[in-house]
Amino acid sequence: MDKGRVVEVGNHEELLRLGGYYTQLYAMQFDQDAHAVIKTAVNDALEKISYEIRSRLTPMIGFLRLVVDDLVDSPAEREELIEESYDSALRILKTLEYLQASANKQGRQDAQKKLSAAPPYSAPSPSDCGDRSTRKSSC
């Protein structure tokens, strides 16, 4: 919040990745450079995501290897391993979809920041245009 109005919304990691008001306050509190704080937050998030994906991918690969090598005891066990692999694949897909949605949201926020920082366009005034010999190309 700034002067009683909400300026950014998100959890701690999301707000740090934004690199805005929250990040500046956080950096001041811990006497750190804002860019270092953002980099640390992004690295921490990537590490958690990598762990999340690997922790779901590893058993899925093991289950499928048992099925491929025909090391299952029964058709029911084969079906169970395939089903667990499928569920793991869906969880990985959902994690990746979340990442993409977060990246898209961040991209939109970055674009909004750039637009709000750009000076507003103003049409040239008649005095800027002068006569034909001195007229600017924007007139």
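Can you pull the percent of Cα pairs in region 12-108 with separation above 18 Å?
Summing the P(r) tail past 18 Å for region 12-108 gives 60 percent.
Label separation (Lys94 vs Arg108): 2.2 nm, computed from points 7 Å beyond Cα along the C-beta direction. May I ask which residue of Val67, His35, Ile49 lies farthest towards the positive end of the charge dipole of region 12-108, with charges of +1 (Lys, Arg) and -1 (Asp, Glu) on Cβ and the Cα centre as origin? Value: His35.
Readers should treat all values here as calculations from the given coordinates under stated rules, not as data from a laboratory. All values derive from a computational prediction rather than experimental measurement. In this analysis, Cβ positions are derived from the backbone assuming ideal geometry, glycine residues included, and neighbour counts consider all displayed protein chains.
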